[in-house]
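The values are calculated or read from the model by the stated rules, or taken from the named source; none is laboratory data. None of the values given here were measured: they were computed from a predicted structure. Methodologically, a virtual Cβ is constructed for each residue, glycine included, from the backbone with ideal geometry; neighbour enumeration extends over all protein chains shown.
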Amino acid sequence: MQNYKLILCYDGTRYKGWQRQGNTPGTIQEKLETILSRMLEQPVELAASGRTDAGVHARRQVCSFRAETELTPEELLRGLRVHLPEDIGAISLETAPPRFHARLSCKEKTYLYRVWNSDVPEVFQRRFVLPLPEPLDQAAMEQAAALLCGEHDFAAFCSVKNSKKSTVRKLRRISILREGDELRLFFTGDGFLYNMVRILTGTLLEVGLGLRRPEDMNAILASRDRSQAGPTAQAKGLTLWSVEY
């Protein structure tokens, strides 16, 4: 039984997220597993570096799976590219060490949130950006972002209630960059809670709009209370950018 590493990109607009949901169609995992299982004539189960939500995209999603086959990785990759829909792309496929696991072996991930900060409509990127025409105070957002970096309990920035799992994560870096009318927020950390990046983004945007002060981040973290943080930003602005091992 050989272990494989598969790297994907996808436009998550029409999918119900990554994770397979029983026999319910419409997830990226279900689509890929169906295609691979038919190609390899055996059940295939994929593990991903992270479970992107409905409507969230990926520039570089890493997956792993095991299979018994005489097909080479190159032949498997060609077959995948033939059968995948146009909004899911197979970037590479190779054999991996026996103990490699896309999620458990992951050391760090980076997400990008894109904000179209202009009153001029952005037609061609509309599925990948959050439109927000009001002026944003980028300096204030950067001050708030600095307070969020480091190892903290991010329970206030998680949508799951009463989770028995630890909500402590290490957020290594938040970079906020402006490219013309687009504001790009990059989040790099050792792991992220459910909706964490989107809630962080919603909170930072409130700072940028003058609805919160940068120093409020300390009190929000200390509260461990989801109601104290900002709104969950729309899924379409979020992309899984990169994964490190």
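Identify, please: which residue in region 13-28 is buried (at least 20 other Cβ atoms within 10 Å of the Cβ) and not β-branched (Val, Ile, Thr) and is, among those, farthest from GLU94 (Cα to Cα)?
TYR15
Considering each residue of region 87-142, count those that are in a loop (DSSP other than H, G, I, E, B), farther than 14 Å from ASP181 by Cα and of a type in the set (S, T, N, Q), and give that number.
Of the residues in region 87-142, 1 are in a loop (DSSP other than H, G, I, E, B), farther than 14 Å from ASP181 by Cα and of a type in the set (S, T, N, Q).
Checking the structure you have, find out if any residue of region 60-72 is hydrophobic (A, V, I, L, M, F, W, C) and under 20 Å from PHE128 (Cβ atoms).
Initially, region 60-72 is screened for residues hydrophobic (A, V, I, L, M, F, W, C), giving 62-63, 65, 67, 71.
Pick out the ones that are also under 20 Å from PHE128 (Cβ atoms) and you get none.
There is no residue in region 60-72 that is hydrophobic (A, V, I, L, M, F, W, C) and under 20 Å from PHE128 (Cβ atoms).
Could you please find all residues in region 14-25 being out of contact with any helix residue (DSSP H, G or I) (no Cβ under 7 Å at 6 or more places or on another chain) and touching a residue at least 12 places away in the same chain (Cβ under 8 Å)?
Within region 14-25, the subset out of contact with any helix residue (DSSP H, G or I) (no Cβ under 7 Å at 6 or more places or on another chain) is 14, 16-17, 21-25.
Scanning region 14-25 gives ARG14, LYS16, GLY17.
In this structure, does GLN228 turn out to be surrounded by fewer than 19 Cβ atoms within 10 Å (Cβ to Cβ), at pLDDT 95 or above and touching a Gly at 6+ places or on another chain (Cβ under 8 Å)? It would help to see each step written out before you state the result.
On the way: surrounded by fewer than 19 Cβ atoms within 10 Å (Cβ to Cβ): yes; at pLDDT 95 or above: yes; touching a Gly at 6+ places or on another chain (Cβ under 8 Å): no.
It is false that GLN228 is surrounded by fewer than 19 Cβ atoms within 10 Å (Cβ to Cβ), at pLDDT 95 or above and touching a Gly at 6+ places or on another chain (Cβ under 8 Å).
Residue check: is TYR10 under 18 Å from ALA96 (Cα atoms), surrounded by 20 or more Cβ atoms within 10 Å (Cβ to Cβ) and in contact with a strand residue (DSSP E or B) (Cβ under 6 Å, 6 or more places away or on another chain)?
Numbers: under 18 Å from ALA96 (Cα atoms): no; surrounded by 20 or more Cβ atoms within 10 Å (Cβ to Cβ): yes; in contact with a strand residue (DSSP E or B) (Cβ under 6 Å, 6 or more places away or on another chain): yes.
In short, no.
Please specify each residue of region 48-71 satisfying the condition of being over 16 Å from TYR10 (Cβ atoms), surrounded by fewer than 19 Cβ atoms within 10 Å (Cβ to Cβ) and not hydroxyl-bearing (Ser, Thr, Tyr). Break it down stepwise before answering.
At the first step, the residues of region 48-71 found to be over 16 Å from TYR10 (Cβ atoms) are 64-71.
Restricting the remaining residues to those that are surrounded by fewer than 19 Cβ atoms within 10 Å (Cβ to Cβ) gives 66, 68-71.
Those that are over 16 Å from TYR10 (Cβ atoms), surrounded by fewer than 19 Cβ atoms within 10 Å (Cβ to Cβ) and not hydroxyl-bearing (Ser, Thr, Tyr): ARG66, GLU68, GLU70, LEU71.
From the list LEU211, LEU147, LEU240, which residue is surrounded by 18 or more Cβ atoms within 10 Å (Cβ to Cβ) and either in the same structural domain as VAL129 (by TED's automatic domain parsing) or at pLDDT below 95 (or both)?
Working: LEU211 fails: surrounded by 18 or more Cβ atoms within 10 Å (Cβ to Cβ); LEU147 fails: surrounded by 18 or more Cβ atoms within 10 Å (Cβ to Cβ).
Checking each option against the conditions leaves just LEU240.
Do we find that THR203 is of a type in the set (Ser, Thr, Tyr), part of a helix (DSSP H, G or I) and at pLDDT 95 or above in this structure? Steps first, answer last, please.
On the way: of a type in the set (Ser, Thr, Tyr): yes; part of a helix (DSSP H, G or I): yes; at pLDDT 95 or above: yes.
Against the criterion (of a type in the set (Ser, Thr, Tyr), part of a helix (DSSP H, G or I) and at pLDDT 95 or above), THR203 qualifies.
For region 143-186, how many residues are outside any strand (DSSP E or B) and β-branched (Val, Ile, Thr)? Show your work before the answer.
Pass one, region 143-186, residues outside any strand (DSSP E or B): 143-149, 154-167, 180-181.
Still in the list and also β-branched (Val, Ile, Thr): 160, 167.
Count: 2.
Going through GLU142, GLU134, GLU75 one at a time, which residue ends up being out of contact with any Pro (no Cβ under 8 Å at 6 or more places or on another chain) and outside the structural domain of LEU193 (by TED's automatic domain parsing)? Give the steps one after another, and end with the answer.
Values: GLU142 fails: outside the structural domain of LEU193 (by TED's automatic domain parsing); GLU134 fails: outside the structural domain of LEU193 (by TED's automatic domain parsing).
The conditions single out GLU75.
Of all residues in region 206-245, count the ones that are in contact (Cβ under 8 Å) with a residue 40 or more places away in the chain and part of a helix (DSSP H, G or I).
13
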